[in-house]
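J.: Here it is, the structure in full.
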Amino acid sequence: MKTITRLALPAFFVMLFVGCNDEKKQLETLLKTSQQVTDSLNAVIQEEYEKRERLARELDELDTYTKSLGVNLAAEKDPEKQQNTIERIKEAANTLKTQKEKIEQLTAKVSRLEKKLADVTAENERLKEQISKLAGENLALRNKVDSLNRVTASLKSRLAEAVAAANTQREKLNTGFYIMGGTGFLRENGVLERRGPFGNAYNPNFNPSQNRNVRRIDISQTTEIEVPAPKSDVVIWSPHVRSSYEVVEKSGERNKSIVRILNPDEFWQTAKVLAIGTEG
């Protein structure tokens, strides 16, 4: 019986040592896999960040382009040239719609990356618990986990920046403004400018962010604006495609009207400010 005991104890420690080494190898493999995942996530987030930057530049260029089209449309008297400008505005609207879709796809992709990053973080925590049990034997593995934590923190930071940028860009796309009032009021606020001795025209250089009388709205949600004036007195001074909106009498109130936006994408392409006159 004693002989069996002497043989069994060394075998037990050998098995324990082998088991410990096997566990260490498994942890090393898992850490290597986690590192590969974080490296992959880092590359993908960098790529999405560059896409967002390119998209932001394209949106700025498109915004400038559509403003110039709106100015041309307001000033153009030739019906044929007006129609040509309207067609170009519609093309710009389609392009902006496509870019909006790209932003939504970017947001969805960022959401998927967040989930993957959370999974990697959870796996990292599990590995740290196992490594703590191996103490000195797994010091090298703890160093790898620290490195993984730094990569994870960097990924979280860049991911937060990408989400914030996408949200900012989406807010910019969905922000519009409107101002209403008599001709004198609109001239005093810089919305209208004199053209000739008696004429008035929309000022394409009007800056809504510097005027306290301008209302800020979410153009993806707002499709109707009430005007405290009869339909016959309502004038839309800002340049918008005529087929994209209508002015109707408010039901049951002859002295009030509704500016109804039928096609928001088309309507807001020519100007991000809706100037409503109330004096006919």
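The values are calculated or read from the model by the stated rules, or taken from the named source; none is laboratory data. Predicted model, so just to flag it, every value in this text is computed and none were measured. Note: ideal-geometry Cβ built from the backbone for every residue, glycine included; neighbour counts use all protein chains shown.
One line per residue, one yes/no per condition, for (1) of a type in the set (Gly, Ala, Ser); (2) at pLDDT below 80; (3) not in a helix (DSSP H, G or I):
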| position | (1), (2), (3) |
| --- | --- |
| 74 | yes, yes, no |
| 92 | yes, yes, no |
| 121 | no, yes, no |
| 143 | no, yes, no |
| 151 | no, no, no |
| 155 | no, no, no |
| 158 | no, no, no |
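J.: Is there any pair with a first residue in the range 160-188 that is within 30 Å of residue 118 (Cβ to Cβ) and a second that is surrounded by 13 or more Cβ atoms within 10 Å (Cβ to Cβ) and among the basic types (Lys, Arg) whose Cβ atoms are under 7 Å apart and which are 6 or more apart or on different chains, and what are they?
T.: The qualifying pairs are 162/52; 165/52; 166/52; 173/100.
J.: Here is a further query. Can you give me the number of residues within the range 206-221 that are assigned to a loop (DSSP other than H, G, I, E, B), touching a helix residue (DSSP H, G or I) at 6+ places or on another chain (Cβ under 9 Å) and not β-branched (Val, Ile, Thr)?
T.: So the count comes out to 2.
J.: Just give me the residues in the range 222-252 being outside any strand (DSSP E or B), more than 19 Å from residue 82 (Cα to Cα) and in contact (Cβ under 8 Å) with a residue 40 or more places away in the chain, in sequence order.
T.: Correct list: 222, 223, 228, 229, 232, 233, 234.
J.: Scan the range 24-45 and give yes if some residue there is surrounded by fewer than 16 Cβ atoms within 10 Å (Cβ to Cβ), modelled with pLDDT under 75 and of a type in the set (A, V, I, L, M), otherwise no.
T.: no
J.: While we're looking at this one, here's another question. Which residue out of 173, 155 is closer than 30 Å to residue 38 by Cα and of a type outside the set (Gly, Ala, Ser)?
T.: Testing whether each residue is closer than 30 Å to residue 38 by Cα and of a type outside the set (Gly, Ala, Ser) leaves just 155.
J.: To continue, here is another question. Condition check: touching a Leu at 6+ places or on another chain (Cβ under 7 Å), part of a helix (DSSP H, G or I) and surrounded by 14 or more Cβ atoms within 10 Å (Cβ to Cβ). Does residue 166 satisfy that?
T.: yes
J.: Can you spot a residue in the range 212-228 that is among the aliphatic types (A, V, I, L, M) and either over 25 Å from the mean Cα position of the chain (by Cα) or assigned by TED's automatic domain parsing to the domain that holds residue 79 (or both)?
T.: yes
J.: Mind checking which residues of the range 220-258 are among the small types (Gly, Ala, Ser) and crowded, with 18+ Cβ neighbours inside 10 Å?
T.: Across the range 220-258, the qualifying residues are 229, 238, 244, 257.
J.: Under 6 Å between Cβ atoms, at least 6 apart or on separate chains: pull out the pairs that start in the range 101-116 with a residue that is hydroxyl-bearing (Ser, Thr, Tyr) and end on any residue that is surrounded by 12 or more Cβ atoms within 10 Å (Cβ to Cβ).
T.: 107/166
J.: Something else: If you take the residues in the range 76-99 that are within 23 Å of residue 199 (Cα to Cα) and surrounded by 14 or more Cβ atoms within 10 Å (Cβ to Cβ), which one is farthest from the chain's Cα centre (by Cα)?
T.: By that ranking, first place goes to 76.
J.: Among the residues of the range 188-204, is any over 30 Å from residue 46 (Cβ atoms), assigned to a helix (DSSP H, G or I) and out of contact with any strand residue (DSSP E or B) (no Cβ under 8 Å at 6 or more places or on another chain)?
T.: Yes: the range 188-204 contains one or more residues that are over 30 Å from residue 46 (Cβ atoms), assigned to a helix (DSSP H, G or I) and out of contact with any strand residue (DSSP E or B) (no Cβ under 8 Å at 6 or more places or on another chain).
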